[in-house]
Amino acid sequence: MSTFSLDPGADQLAVRDWLHGFAADVMRPAAAEWDEREETPWPVIQEAAKLGIYSLDFYAQQYFDPSGVGIPIAMEELFWGDAGIGLSIVGTTLAAVAVLANGTDEQIGTWAPQMFGTPDDVKVAAFCSSEPDAGSDVSALRTRAVYDEAADEWVLNGTKTWATNGGIAAVHVVVATVDPALGARGQASFVVPPGTAGLSQGQKFKKHGIRASHTAEVVLDSVRVPGHCLLGGKEKLDERLARAREGTRSGKGRNAAMATFEASRPAVGAQAIGIARAAYEVALDYAKTRVQFGRPIIDNQGVAFQLADMKTRIDAARLLVWRASWMAANNQPFTAAEGSMSKLYAGETAKWVTAQAMQILGGNGFTREYPVERMHRDSAIYSIFEGTSEIQRLVIARAISGMPIR
Ligand SMILES: Cc1cc2nc3c(=O)[nH]c(=O)nc-3n(C[C@H](O)[C@H](O)[C@H](O)COP(=O)(O)OP(=O)(O)OC[C@H]3O[C@@H](n4cnc5c(N)ncnc54)[C@H](O)[C@@H]3O)c2cc1C
């Protein structure tokens with residue numbers, strides 16, 4: 001275990017500066033256009049792939065950075081550039097993390113590279129868990145996976161919703177129930193390989209924010225995947241199901257799943273911080289240059305104190321995110337759900353800071369001539385996806401109390 005430190009080190013700072021250049025020079029100038037088009041910004045993803053920013057290697061390097069802050073630093077810079085394009089660039093990692101967390105080494109080696117494609121032929125991946133009747137309550141999902149022993153194939157049927165990159169992805173990772181009577185304990189994750197018959201895109205959603213990121217339903221109509229597409233393998237699943245049927249709960253599986261969430265939530269928090277920082281910087285510049293009553297508006301404490309609070313909350317959120325990321329990298333137990341805490345605080349901070357930024361820009365803040373209204377729209381998703389703010393509070397409350405709070 002290394003001593004807790006907030007020094008990212010020279011290598012991480014170099015990565016941060018490199019990503020900042022890409023965010024400032026490529027993402028920012030493209031942000032308004034792709035927000036209006038509400039389409040996946042393939043040319044920007046391609047550019048990121050050519051530079052090595054959209055690649056399995058890059059994320060693996062950041063993920064295994066011993067300081068723990070490689071991923072949050074990368075997320076903050078990219079989402080400072082633009083959140084919609086940022087999510088198009090990093091959405092694939094949701095599916096990649098599902099394979100990393102649940103797959104065998106062979107499965108990771110087979111599927112993770114296919115999720116990204118190559119710089120000349122870029123691909124994206126989708127993680128499909130949510131359903132129309134199963135959002136926060138993941139145990140309620142209905143998509144069924146039935147094993148066809150004769151063919152050694154799994155047959156998937158159901159409808160997924162809200163899937164980032166759903167239907168346009170090369171590889172889809174689908175969570176399905178194998179034994180509905182067991183609730184969440186009867187579920188498993190499956191890879192649906194590129195071009196598999198029966199998987200189609202349903203409705204594509206028109207959204208309030210992160211509009212450059214594709215969000216859609218995914219329909220699974222008798223989708224057949226080979227037995228080896230079950231993440232973790234059949235033997236492990238059978239053992240897990242047997243334990244669940246006996247009613248024995250070692251706590252090991254549940255703790256592993258919790259640890260995975262706690263470790264991934266700070267990365268989402270870091271995205272929110274990127275948006276908040278971007279809006280704060282625009283507001284600070286504007287407040288220094290906008291003159292009313294013969295002086296810059298920042299000369300008024302009413303405005304200056306708003307900016308002071310914005311900066312304070314952003315830095316506090318980053319400290320929570322970095323602490324949780326460091327804890328994950330150093331295998332520290334999340335006794336107070338510190339990962340959820342960081343996502344909750346960063347998400348709420350982004351919503352609040354971007355709203356303040358709009359206020360400081362006055363009428364201009366309300367128009368699409370300035371980026372803060374887009375940043376405000378983009379920030380709103382951060383209290384919803386990857387666990388709503390209420391669900392984060394539930395997780396934290398249970399962790400600190402040890403009580404089954406509902
Ligand atoms: C743009 C976007 C991208 C997404 N990407 C993906 C993706 O790639 N893959 C994927 O699987 N999913 C994805 N999601 C789904 C997302 O994770 C869900 O929307 C989220 O988990 C909330 O589920 P829900 O929308 O069904 O809301 P609900 O669960 O119906 O919640 C509605 C409200 O009730 C509250 N609530 C629910 N239960 C409780 C409780 N016990 N206590 C207190 N309050 C509660 C919630 O906090 C919320 O305010 C995405 C969603 C969006 C909008």
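Results, tabulated for the structure shown:
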quantity	calculated
Amide hydrogen neighbours beyond the local backbone of Phe127, cut-off 5 Å, H modeled	Ala95, Thr164, Val173
Filter on Lys204/Lys311; Lys207/Lys311; Lys288/Lys311; Lys123/Lys236; Lys206/Lys351; Lys123/Lys206 - keep pairs with C-alpha separation over 25 Å	Lys204/Lys311; Lys207/Lys311; Lys123/Lys236
Least to most buried among His172, His228, His208, His376 (fewest other Cβ within 10 Å first)	His208, His228, His376, His172
P(r) histogram, all alpha-carbon pairs of the chain included - 10 Å bins from 0, percent	5, 22, 32, 26, 12, 3, 1, 0, 0
Phi to ³J(HN,Hα) by Karplus 6.51 cos²θ - 1.76 cosθ + 1.60 over segment 119-127, Hz, x for Gly, Pro	x, 7, 8, 6, 10, 10, 10, 10, 10
Test item: Cα-centred dipole of the chain, Lys/Arg +1 and Asp/Glu -1 on Cβ, debye	1180
Charge sum, other residues only, whose C-beta stays under 15 Å from Lys288's C-beta, Lys/Arg counted +1 and Asp/Glu -1	0
Lys/Arg +1, Asp/Glu -1 at C-beta; the chain dipole; positive extreme among Gln114, Ala170, Gly232	Gly232
Relative contact order (%) - criterion: Cα under 8 Å, at least six apart; region: the chain	16
Phi to ³J(HN,Hα) by Karplus 6.51 cos²θ - 1.76 cosθ + 1.60 over segment 338-354, Hz, x for Gly, Pro	5, x, 5, 4, 5, 5, 4, 5, 5, x, 5, 5, 4, 5, 5, 5, 5
Likely footprinting exposure, Glu153, Glu235, fewest C-beta neighbours within 10 Å first	Glu235, Glu153
Segment 100-218: Cα Rg divided by the 2.2 N^0.38 Å rule of thumb	1.09
In order through segment 103-117: 3J(HN,Hα) via Karplus (6.51 cos²θ - 1.76 cosθ + 1.60), integer Hz, x for Gly, Pro	x, 7, 4, 5, 5, 4, x, 7, 8, 4, x, 5, 5, 9, x
Tilt relative to the chain, helix 301-329 - C-alpha long axis, 0 to 90 degrees, to 10	30
Sorted by Cβ density within 10 Å, fewest first, the residues Phe385, Phe366, Phe190	Phe366, Phe385, Phe190
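Read-outs throughout are calculated quantities, based only on the coordinates presented, and are distinct from any laboratory measurement. Computed from a prediction, not measured in an experiment: that's the story for all the values here. Neighbour counts are summed over all protein chains in view; Cβ atoms, including those assigned to glycine, are modelled from backbone coordinates with ideal geometry.
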